[in-house]
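**Student:** Once you've had a glance at the structure underneath, I'll fire off some questions.
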Amino acid sequence: MRLLTSLLPPAALLVASTLLQAADLPKESRVPGGIAVVPLPGLTSSKAPQADFRGNRVMVVSAQGTEYENQTRWLAIVGIPLKAKSDQQLVISAGGEKYPLTIQNKEYKAQYLTIKNKKHVNPDPEQVKRWRREKTEMVAAFKHWESIEQPPVKFELPAKGPFSSPFGLKRFYNKQPRNPHSGLDIAAPQGAPITAPAAGTVLTVGDYFFNGKTVIMDHGQGLTTMYCHMSRIDVKPGDKLQTGDPLGAIGKTGRVTGPHLHWSVSLNNVRVDPILFLDN
Ligand SMILES: [Zn+2]
């Protein structure tokens with residue numbers, strides 16, 4: 001890119017650098033369930049410094065070609081937990097320094113769902129045990145670290161269809177409060193294709209109690225994406241995928257009210273709003 005732009009006239013260079021900037025970072029939104037783009041001034045090593053937040057390693061990318069390039073060499077891209085409080089200060093540690101972070105408040109809407117399979121609302125002890133085991137497997141995937149210099153942070157939609165349920169909704173199943181919605185639901189007919197939103201490697205494939213048939217993809221530096229309730233899985237762990245490659249098909253396996261894709265995006269083991277990785 002740099003070599004190429006040096007051959008272009010100044011006007012084209014300006015356009016190219018704007019495009020480059022837009023392509024380099026996810027949308028920042030310093031709210032619970034959002035993403036913070038945190039400059040790390042003072043850290044000037046040529047190798048990316050290690051950054052951590054609440055015991056999880058955090059993505060660090062070069063600031064070069066972004067709007068931050070004059071103030072810092074490195075940027076931490078931090079997932080903010082949905083449970084974070086707006087009055088609380090979050091602290092990122094990197095290269096022996098502390099970087100405090102103030103977040104804004106965001107009120108998510110509430111949703112009331114009726115689930116016919118009562119076991120999906122109040123699972124029996126055996127099912128709780130199964131779910132705990134599955135959760136451990138999923139969290140291990142969310143914590144997976146792959147040292148990729150510049151992970152892809154601009155995604156294509158993994159399925160075609162209307163967004164039927166946004167990220168962050170406070171959820172009530174048969175009037176009982178449960179965890180907020182940790183992904184984005186895309187409504188699509190049973191059997192419709194699900195595709196990779198960006199390049200990555202298949203990390204985990206499972207058939208889970210709540211999530212049904214599930215694929216977790218790794219995109220590097222703690223950025224993972226998860227696809228749930230699938231009717232069919234067409235990939236296996238270790239498969240290397242490019243944007244648009246098939247993952248499987250839409251279904252209604254697990255705790256659902258109808259066929260759809262539940263799509264989660266995770267950064268530093270924190271589920272964040274997938275919308276922040278989309279261009280439009
Ligand atoms: Zn969902």
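The values are calculated or read from the model by the stated rules, or taken from the named source; none is laboratory data. Just so it is clear, the structure is predicted and the values come from calculations on it, not from any experiment. Quick reminder, even Gly has a Cβ in these numbers, built from the backbone with ideal geometry, and neighbours come from all protein chains shown. All accessible areas refer to the heavy atoms of the entire protein, side chains included, with ligands and DNA or RNA removed. Shrake-Rupley method; radii C 1.70, N 1.55, O 1.52, S 1.80 Å.
**Student:** Enumerate the lysines that residue 170 could reach by cross-link, defined here as Cα to Cα under 17 Å, with residues fewer than 8 away along the same chain left out.
**Tutor:** By straight Cα distance, residue 170 reaches 83, 85, 106, 109.
**Student:** Highest mean first, how do 107-116, 39-48 rank when packing is the count of other Cβ atoms within 10 Å averaged over residues?
**Tutor:** Values: 107-116: 12.2, 39-48: 13.9.
Going by the mean number of other Cβ atoms within 10 Å, highest first, we get 39-48, 107-116.
**Student:** Along the positive direction of the dipole of region 110-277 (beta-carbon charges: Lys, Arg +1; Asp, Glu -1; about the Cα centre), which of 179, 203, 148 reaches farthest?
**Tutor:** Positive-end residue among those listed: 179.
**Student:** Shifting gears a bit: Add +1 for every Lys or Arg and -1 for every Asp or Glu among the other residues with Cβ under 15 Å from the Cβ of residue 98, and state the total. Could you put the intermediate results ahead of the total?
**Tutor:** Values: positive: 54; negative: 52, 97.
That works out to -1.
**Student:** Short version: ³J(HN,Hα) in whole Hz for each residue of region 50-60, in order, from phi by Karplus 6.51 cos²θ - 1.76 cosθ + 1.60 (θ = phi - 60°), x for Gly and Pro, what are they?
**Tutor:** These are the phi-based 3J(HN,Hα) values: 7, 10, 9, 9, 6, x, 10, 5, 10, 5, 10 Hz.
**Student:** In addition: Leaving out ligands and nucleic acids, note down the accessible area per residue over region 110-277 with a 1.4 angstrom probe, in whole Å². Intermediate results must be reported in sequence, preceding the final value.
**Tutor:** On the way: 7660 Å² over 168 residues.
Ligands and nucleic acids excluded, the result is 46 Å² per residue.
**Student:** Something else: Would you list, by chain and number, the lysines whose Cα falls below 19 Å from the Cα of residue 129, excluding same-chain residues fewer than 8 positions away?
**Tutor:** Cross-link targets: 118, 119, 213.
**Student:** Given contacts defined as C-alpha pairs under 8 Å and at least six residues apart, what's the relative contact order of the chain, whole-number percent? Mind showing how you got there, number by number?
**Tutor:** Working: 670 pairs, mean separation 54.0, N = 280.
After rounding, I find 19 percent.
**Student:** Here's something else I'd like to know. Cα axis of helix 10-24 to longest principal axis of the chain: angle in degrees, 0 to 90, nearest 10?
**Tutor:** 40
**Student:** Can you give the angle from 0 to 90° between the axis of helix 125-142 and the longest principal axis of the chain, with both taken from C-alpha atoms, to the nearest 10?
**Tutor:** That works out to roughly 20 degrees.
**Student:** Starting with the highest mean, order 216-223, 234-241, 58-65, 187-194 by the number of other Cβ atoms within 10 Å, averaged over the residues of each peptide. Intermediate values should be presented prior to the final figure.
**Tutor:** Working: 216-223: 24.2, 234-241: 14.1, 58-65: 20.1, 187-194: 17.0.
Highest mean packing first, the order is 216-223, 58-65, 187-194, 234-241.
**Student:** Could you go through region 149-161 in sequence order and give the Karplus-derived ³J(HN,Hα) for each residue, using 6.51 cos²θ - 1.76 cosθ + 1.60 with θ = phi - 60°, rounded to whole Hz, and x for Gly and Pro?
**Tutor:** 4, 10, x, x, 10, 10, 10, 8, 5, x, 8, 9, x
**Student:** Under 5 Å between amide H atoms, partner at least 5 residues away or on a different chain: which partners does residue 211 have, H built in plane at 1.01 Å?
**Tutor:** It is 255, by chain and number.
**Student:** Taking square-rooted eigenvalues a ≥ b ≥ c of the alpha carbon gyration tensor, is region 177-280 rounded, prolate or oblate, where a/c under 1.5 means rounded and, failing that, a/b exceeding b/c means prolate?
**Tutor:** On the way: a/c = 1.42, a/b = 1.12, b/c = 1.27.
Verdict is rounded for region 177-280.
**Student:** Can you compute 3J(HN,Hα) from phi for each residue in region 190-195, using the Karplus curve 6.51 cos²θ - 1.76 cosθ + 1.60 with θ = phi - 60°, rounded to whole Hz and x for Gly and Pro?
**Tutor:** Those phi angles translate into 3, x, 5, x, 10, 10 Hz.
**Student:** Just tell me which aspartates and glutamates come within less than 19 Å, Cα to Cα, of residue 252; anything on the same chain fewer than 8 places away is out.
**Tutor:** 134, 185, 207, 234
**Student:** Whose amide H sits under 5 Å from the amide H of residue 155, counting only residues 5 or more places off or on another chain, with H placed in the peptide plane?
**Tutor:** Amide H neighbours of residue 155, under 5 Å, 5+ apart: 278, 279.
**Student:** Excluding ligands and nucleic acids, what accessible area in Å² is computed for residue 87 using a 1.4 Å probe, to the nearest 10?
**Tutor:** In the full protein context, residue 87 sits at about 140 Å².
**Student:** For the chain, what does the alpha-carbon gyration tensor say about shape, rounded, prolate or oblate, given a ≥ b ≥ c as the root eigenvalues, a/c under 1.5 as rounded, and a/b over b/c as prolate? Mind dumping the intermediate values first?
**Tutor:** Working: a/c = 1.95, a/b = 1.53, b/c = 1.27.
Cα axes put the chain in the prolate bin.
**Student:** Here is a further query. Kirkwood Rh, Cα Rg: Rg to Rh for region 91-216?
**Tutor:** Numbers: Rg = 17.8 Å, Rh = 17.9 Å.
Ratio of gyration radius to Kirkwood radius: 0.99.
**Student:** For the peptides 244-254, 170-180, what is the packing order when you average, over each peptide's residues, the other Cβ atoms within 10 Å and list the highest mean first?
**Tutor:** With the highest mean Cβ count within 10 Å placed first, the list reads 244-254, 170-180.
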